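Report on one structure; see the data block that follows.
The values are calculated or read from the model by the stated rules, or taken from the named source; none is laboratory data. Here the structure is a predicted model, which means the values were calculated and not measured. Backbone-built Cβ (ideal geometry, glycine too); neighbour counts: all protein chains shown.
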Amino acid sequence: MAEPISQSEYARRKDVSRQYVNKLVQQGKIPTDEKKRIDPDVADSVLAQLADPARRLNDDENDPIPAEGFDAADAGEPQTNGHTSFAKFRSAREAYQAKLAQLDYEERAGKLVKKEEVEREAFDISRLLRDIFLSIPQEVAGTVVGMTDEKEIAKFLRLKIRDALMEASNDVSLSE
């Protein structure tokens, strides 16, 4: 353990601002003694970790920066000592971007369609079928009144329903 020095002396030695060192002390990242002096060795290790997050990929145990707004479990990464490294954030971001790219590819390849488009198309087809089937009684009423044979009526209605379904099928295939 080195001799404790003042925050301003440490800032001067490391060529950083006194405010920056004070901010790290206030955040609890650099510990101080009762006279608000800091141990330069401890402060050096904190600054080294803050300087380049990519260099501390495997050193999570001494990570002084709490991960706020990010849950390592969401990214499928293990969490160590309540902190998450920059590499884990980056890994989670890359995984998210890969999933977005895959969805974009599948949509462009025609494997995925938008939910709103499917709902609108289903509504339009349902409306068409409803209109066609509701028009059948109007068409057949006069003809069925004159029929007396039950089998003949059933055959006639079956034919009209089949015609209505063919018409709907043609209308749907034309709209695609």
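Data for the structure
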quantity: Residue in segment 37-49 that is in contact (Cβ under 8 Å) with a residue 24 or more places away in the chain and within 36 Å of the chain's Cα centre (by Cα) present; calculated: yes
quantity: Residue list for segment 4-36, restricted to those being touching a residue at least 12 places away in the same chain (Cβ under 8 Å), in contact with a Lys or Arg (Cβ under 9 Å, 6 or more places away or on another chain) and of a type outside the set (Ser, Thr, Tyr); calculated: Pro4, Ile5, Gln7, Val21, Val25, Lys29
quantity: Hey, Phe123 aromatic (Phe, Trp, Tyr) and in the same structural domain as Leu165 (by TED's automatic domain parsing) or not; calculated: yes
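Rundown of residues vs (1) closer than 30 Å to Val46 by Cβ; (2) modelled with pLDDT of 90 or more; (3) not small (Gly, Ala, Ser), yes/no style:
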site	(1), (2), (3)
Ile65	yes, no, yes
Phe70	yes, no, yes
Gly76	yes, no, no
Asn81	yes, no, yes
Phe89	yes, no, yes
Gly110	no, no, no
Glu116	no, yes, yes
